[in-house]
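Visitor: Before anything else, here's the structure in question.
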Amino acid sequence: MLMVTSVPTKAPPRPARGVPAPSKLVAVAVHDIEPATFERCALMRDWLDDHGISRVTLLVIPARDLHPAWQRSPQMVEWLAERRRCGDAIAQHGFQHVRAGGAPWSRPDLWSPRRRRGAEFVGLDDGETRRAVGAGWRLLKLAGLEPTGFVAPAYAYTPALRETIASRFRWWADLWRLHGQAGLAPGAAGPLAPAVGIGSPRAPMRFVSPLLVRAAALLSGRLLRIDLYPGDVRYPGHMLALERVLRAAGERRTAVSYDDLLTVR
């Protein structure tokens, strides 16, 4: 069992080199990794390997219940460290992934109640945003898992959050593209690459989402981004749609992490 007692001084591994420039790419991100979801996420990661997805980006919640994740589950930290050694990327996924309050989200028509609750940084001022991001980063570093990138819970970004993460992380991703890729001017964005996910399990989207996922995958360009969530495993229709997309992607595309995308031109 892994027990962490000090802050590591070694920097996180640099992104892997040598991604073939002409290849079509698939970048899978597993969201909402925390002690409560760890076992499902580990099984999902094995399932991805079975479908030829050898590199993945793992989005880790540092302190879901205000207790450091590495204290709650040393096994999870050990697994994440092993996955990094195997080529996966680790990204910070907010701090708690729970919205504390503040101003209402400006587009409630586009968000389910569950996703609005996850919009952690909406309503926080500049100081609160910096403290939350910094606290999460320190907790992951303490566990030996210094993150290279950042993905906001529910993809809900604010101006204060964008300013905070731009100076701390090598990259950050929103729903539409990756920001901070090598060769881009500071603050510039990468090419359009929407993240494809199952979406809401509520009817009628429970029936429509699998069709939308398959259509979006067919229409994607050079880079196909796929988002997976621990709750996806509860819906066989969703998983079947994802399996078809992943099987095709594993045969026709090179699997990359978001770290790898830093080196792709």
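The values are calculated or read from the model by the stated rules, or taken from the named source; none is laboratory data. Since the model is a prediction, treat every value here as computed from it, not as a measurement. Cβ coordinates were reconstructed from backbone atoms using ideal geometry, including for glycine residues, and neighbour counts include every protein chain displayed.
Visitor: Residues in the stretch 158-166: is at least one closer than 19 Å to G197 by Cβ and either crowded, with 23+ Cβ neighbours inside 10 Å or at pLDDT below 95 (or both)? Write out each step before concluding.
Guide: Within the stretch 158-166, the subset closer than 19 Å to G197 by Cβ is none.
No: zero hits.
Visitor: Those residues that are in a helix (DSSP H, G or I) and either crowded, with 19+ Cβ neighbours inside 10 Å or under 18 Å from the mean Cα position of the chain (by Cα) (or both), I need them from the stretch 117-133; list them, please.
Guide: Across the stretch 117-133, the qualifying residues are R117, G118, T129, A132, V133.
Visitor: Given the options S209, S200, name the one that is part of a loop (DSSP other than H, G, I, E, B), modelled with pLDDT under 85 and among the hydroxyl-bearing types (S, T, Y).
Guide: From the options S209, S200, the qualifying one is S200.
Visitor: If you take the residues in the stretch 88-106 that are of a type outside the set (A, V, I, L, M) and modelled with pLDDT of 95 or more, which one is surrounded by the most Cβ atoms within 10 Å (Cβ to Cβ)?
Guide: H93
Visitor: A follow-up question, please. Of the conditions (1) surrounded by fewer than 20 Cβ atoms within 10 Å (Cβ to Cβ); (2) part of a loop (DSSP other than H, G, I, E, B); (3) not small (G, A, S), P62 clears all except one; give me its number.
Guide: (1)
Visitor: Anything in the stretch 232-258 that is hydrophobic (A, V, I, L, M, F, W, C), assigned to a helix (DSSP H, G or I) and touching a residue at least 40 places away in the same chain (Cβ under 8 Å)? List them, or say none. Don't jump to the end; show me each part of the working.
Guide: Our first condition is that a residue be hydrophobic (A, V, I, L, M, F, W, C); within the stretch 232-258, this holds for 233, 239-242, 245-246, 248-249, 255-256.
Subsequent filtering for residues that are assigned to a helix (DSSP H, G or I) retains 233, 239-242, 245-246, 248-249.
V233, A241, L242, V245, L246, A249, listed by residue number.
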